[in-house]
Amino acid sequence: MLPSSTVKNESARLLRQGLLTNLMNPKVGVFYVTFLPQFIPPGASVAAFSFLLAMIHVLLGAIWFAILIAATVPAGRLLRRPTVIRALDRVTGGVFIAFGVRLALAK
C-alpha cells in the first residue's frame, strides 16, 4: 500500500492535469458561446444570465457524475462475483461463436 502522502500527491497531480485539460479545451468555450445565447431573455444581462446558465450546466453535470460514481460501487461488487463473471464469460463466448458461425456461413 502506498503512503498517504504519495496518494495525495498523485491525486493533486491528476486533479491539476484534468483541470488544465478542461480549461484548455476550446470545445467547451465554443459550446457556451454558440448554444447558451439563444436562452437569454431579451433585456437580461448577457454576462450574468450566461454565467447562471453555465453554472446550472456545471451543477447538473456534477450531480450526474455523482450518481454514476455512486452506482459503480454496487455494480462493481456485483460484477466481481464468480458466478456473474462465469455467466458474462459464457454469454460473451456464445456471442463470439455466433459471430464466427455467421461469418463462416456468409457467402
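So here's what we get for this one:
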{"read-out": "Selection count where residues are part of a loop (DSSP other than H, G, I, E, B), among the basic types (K, R) and surrounded by fewer than 10 Cβ atoms within 10 Å (Cβ to Cβ), scope segment 73-107", "value": "2"}
{"read-out": "Considering residues of segment 40-55 that are part of a loop (DSSP other than H, G, I, E, B) and not polar (S, T, N, Q) only, the residue surrounded by the most Cβ atoms within 10 Å (Cβ to Cβ)", "value": "I40"}
{"read-out": "Residue within segment 56-72 that is part of a helix (DSSP H, G or I), surrounded by 10 or more Cβ atoms within 10 Å (Cβ to Cβ) and either at positive phi or more than 16 Å from the chain's Cα centre (by Cα) (or both) present", "value": "yes"}
{"read-out": "Residue match in segment 11-23 (condition: among the β-branched types (V, I, T), in a helix (DSSP H, G or I) and loosely packed, with under 11 Cβ neighbours inside 10 Å)", "value": "yes"}
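No value in this document is a laboratory result; all are computed from the given coordinates. Fair warning: this is a prediction, and the values are worked out from it, not measured in the lab. Cβ atoms come from the backbone with ideal geometry, glycine included; neighbour counts cover every protein chain shown.
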